[in-house]
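The values are calculated or read from the model by the stated rules, or taken from the named source; none is laboratory data. Note that the structure is a prediction, hence the values are computed from the model and not measured. Cβ sites come from the backbone with ideal geometry, for glycine too, and all protein chains shown count toward neighbours.
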Amino acid sequence: MRKTPIAEWLLTLFAGRERAAAIMGDLEELAATRGSLWFWTAYARTLVTLGWRTPVAFLIAMVSMRFIFRAVVPLLEAHHITHFLEGGLFGVYNLHVRLINWNLTLVMARFLIFALPFVAVRFGLRNRLTQLTCALLLIAVPVYSLRPWVMDLSGILIVTAIVAALIVPHWRRPMIVLAATCVTATAAVATCFYILVGVFHQNILIWIKFCMWICEAIGFALAVIVCVYLHGWLLERPPISDRTIA
Amino acid sequence: MNPERTLGEFEQIVLLAVLRLGDQAYGVTILDEIAAKTGRNPAPGALYTTLHRMEDKGLVTFRDGSPTPERGGRAKRFVIVTREGRNALASAQSAYRSLLQGLDLLDAKLFGGRAPHLSILRHGFGDAYA
């Protein structure tokens, strides 16, 4: 009998504990007549078959985020910064409300630009999480126009959409998964950036792009783990009442 | 839930194998049954991916067995076809049957003048159509 706790733990990441234990048991049973080489080959193939989507989706999301920020966002941003002095929807005397609103929407938009390609590749277009992410991104992305009234409106709509999603039972769980992923990504990127600023404080302006790249890669990788875990926990299991045994 | 689920070919093969095995259907026996009846040797990973997908669709469910020493103390996970799974399979099989109706698969004209080898019928279409 093989001792395979690390192999089983790795499989657990992609298949869940119960499924991973059953798969390892099946492979162990089959390997009794086929040998160790077959066991490890079959294990590697199973791991790739079950787990390829997550790393591939992560890479596609990182690449597409770079593309969108280089090619699409500059098109939206083709306005003068003097627009910030306009009153917008909140008026000129509510600057603090506007700043909170804009920051929230900009953070959401940046996260959603990463999240949409990831969830689309990882979970498919028909998944509720993908559909919710797509809807929120469409609402959030006009914030990059940098026109105050558009940014204000985008912020109000995104908060309304989040609240509505949390109220409606059909969208509540996808919204919880998305919110937890967003909070993880934001917290991880901010923490990582704070640490790197400390490390490169002498030359931070030279290393700023590299730091941002590293921070986003680490932050979004952690967010992906949270997203996959929560999706498996909250969204993949159909209710027992829906599974009628024939 | 959608009552009319479409099933892929491998999903149908797995569901049929599970139904044939009854309450003894788990990973190892399903792989053996598929190999014995279709001549294919599917990779374990392909079977598990299909089973997980069908579980998510509500077509199959699982029942845990007791741990055994030959499995390193791990329990078997027996597969059970749900009513939805049975309905989806019946619907898919009925579509095949109606498409096959009136066709003679041994008729050489269908194959450009050359009759198919019998093993193609046995392994390619399964026992039901051989």
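The residue pairs whose first member lies in the range A:2-24 and is on the phi < 0 side of the Ramachandran plot, whose second member is surrounded by fewer than 18 Cβ atoms within 10 Å (Cβ to Cβ) and at pLDDT below 85, and whose beta carbons are closer than 6 Å, counting only pairs six or more residues apart or on different chains, are A:Ala20/A:Thr12.
Counting only helices (runs of 4 or more DSSP H) that fall entirely inside the range B:1-67 and contain at least 3 residues that are free of Cβ contacts under 8 Å to residues at least 40 places away in the same chain and under 26 Å from A:Leu235 (Cα atoms), the qualifying elements are B:44-57.
Per the conditions (1) loosely packed, with under 13 Cβ neighbours inside 10 Å; (2) touching a Lys or Arg at 6+ places or on another chain (Cβ under 8 Å), the sole criterion not satisfied by A:His201 is (2).
Yes/no matrix, rows are residues, columns are (1) over 29 Å from the mean Cα position of the chain (by Cα); (2) surrounded by 13 or more Cβ atoms within 10 Å (Cβ to Cβ):
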{"site": "A:Ile6", "(1), (2)": "no, no"}
{"site": "A:Leu11", "(1), (2)": "no, yes"}
{"site": "A:Arg17", "(1), (2)": "no, no"}
{"site": "A:Ala21", "(1), (2)": "no, yes"}
{"site": "A:Glu29", "(1), (2)": "yes, yes"}
{"site": "A:Thr33", "(1), (2)": "yes, no"}
{"site": "A:Arg45", "(1), (2)": "no, yes"}
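Within the range B:54-73, which residues are farther than 13 Å from B:Tyr26 by Cα and either among the charged types (D, E, K, R) or surrounded by 17 or more Cβ atoms within 10 Å (Cβ to Cβ) (or both)? Matches in the range B:54-73: B:Met54, B:Glu55, B:Asp56, B:Lys57, B:Gly58, B:Leu59, B:Glu70, B:Gly72. Kindly provide the set of residues from the range B:52-82 that are polar (S, T, N, Q) and either more than 7 Å from every other protein chain (Cβ to nearest Cβ) or farther than 15 Å from B:Leu16 by Cα (or both), ordered by number. Listed by number, the residues that qualify are B:Ser66, B:Thr68. Tell me, please, whether a residue that is under 14 Å from B:Ala75 (Cα atoms) and facing chain B (nearest Cβ under 8 Å) can be found in the range A:30-41. So far as the range A:30-41 goes, no, none of its residues is under 14 Å from B:Ala75 (Cα atoms) and facing chain B (nearest Cβ under 8 Å). Applying the condition of being among the polar types (S, T, N, Q) and over 17 Å from B:Lys76 (Cβ atoms) to the range B:14-44 and asking which residue is surrounded by the fewest Cβ atoms within 10 Å (Cβ to Cβ) yields B:Asn41. Out of curiosity, is A:Arg172 closer than 29 Å to A:Glu236 by Cα, assigned to a helix (DSSP H, G or I) and touching a Cys at 6+ places or on another chain (Cβ under 9 Å)? Here the answer is no, as A:Arg172 does not meet what is asked. Being crowded, with 18+ Cβ neighbours inside 10 Å, of a type in the set (A, V, I, L, M) and part of a helix (DSSP H, G or I) is the requirement here; does A:Val228 meet it? Yes: the conditions hold for A:Val228. Note on the range B:33-53: residues that are closer than 22 Å to A:Glu18 by Cβ and either in contact with a Lys or Arg (Cβ under 8 Å, 6 or more places away or on another chain) or of a type outside the set (A, V, I, L, M, F, W, C) (or both) amount to 9. The number of residues in the range B:83-107 being modelled with pLDDT of 85 or more and more than 20 Å from B:Gln12 (Cα to Cα) comes to 0. Here A:Thr41 passes the criteria (1) at pLDDT below 90; (2) more than 20 Å from B:Thr68 (Cβ to Cβ) except the one numbered (1).
Listed here are the residues, each with its yes/no results for (1) under 19 Å from A:Val226 (Cα atoms); (2) of a type in the set (S, T, N, Q); (3) assigned to a helix (DSSP H, G or I); (4) modelled with pLDDT under 90.
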| site | (1), (2), (3), (4) |
| --- | --- |
| A:Phe111 | yes, no, yes, no |
| A:Thr130 | yes, yes, yes, no |
| A:Ala135 | no, no, yes, no |
| A:Leu138 | no, no, yes, no |
| A:Val143 | no, no, yes, yes |
| A:Trp149 | no, no, yes, yes |
| A:Ala164 | no, no, yes, no |
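Within the range A:19-38, track down each residue that is under 24 Å from A:Trp233 (Cα atoms) and either of a type in the set (Phe, Trp, Tyr) or in contact with a Ser or Thr (Cβ under 9 Å, 6 or more places away or on another chain) (or both). Passing the criteria: A:Arg19, A:Ala20, A:Ala21, A:Ile23, A:Met24, A:Gly25.
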